[in-house]
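Computed from the coordinates by the stated procedures, all read-outs in this text should not be read as laboratory data. It should be emphasised that the depicted structure is a prediction, and the values quoted were computed from it without experimental measurement. Positions of Cβ are backbone-derived with ideal geometry, glycine not excepted, and every protein chain shown enters the neighbour counts.
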Amino acid sequence: METLAKVVDNTLTSTGGVFVLSFVVLVMGIPILGKLGKDSPLAGNALQVLAIILLVPATMYLGVTKTINAEAVTGIFGGIAGYVFARAAGDTTKPASGPS
């Protein structure tokens, strides 16, 4: 019973909150990723989605526990955001086929 009280107390701290959020993202994200069918719009990007599902919670946790500094966290999140937005912009702009 004392262990349960420690877990509840820890979730009220920033580290515990990020750990719980990270756990929820992993528990919910990986099964959803496993259910993607061939006709799903994310099917071709399953590896990229899995990488984002794993990198975002890990970065949040490392940043809150001060294992890595704030500049590194900002750089990692900036890189992830740039990658996601560049991929999204690249999907909507299709190159012209044939000679110009």
* With each pseudo-label sitting 7 Å past Cα toward Cβ, what's the VAL25-GLN48 distance in nm, one decimal? -> 1.8 nm
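Given R₀ = 35 Å, what would the calculated FRET efficiency be for VAL84 paired with THR13, taking r from the Cβ atoms and rounding to 0.05? List each step's numbers first, then the result.
Numbers: r = 29 Å, r/R0 = 0.84.
Rounded to the nearest 0.05, the efficiency is 0.75.
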* So what J values fall out for region 63-70 if you push phi through Karplus, 6.51 cos²θ - 1.76 cosθ + 1.60 with θ = phi - 60°, rounded to Hz, Gly and Pro as x? -> x, 5, 7, 6, 5, 10, 7, 4
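For ALA72 and LEU55 in the same chain, what is the full-extension length gain: residue separation times 0.36 nm, less their Cα-Cα distance, in nm?
Extending this stretch completely gives an extra 4.8 nm.
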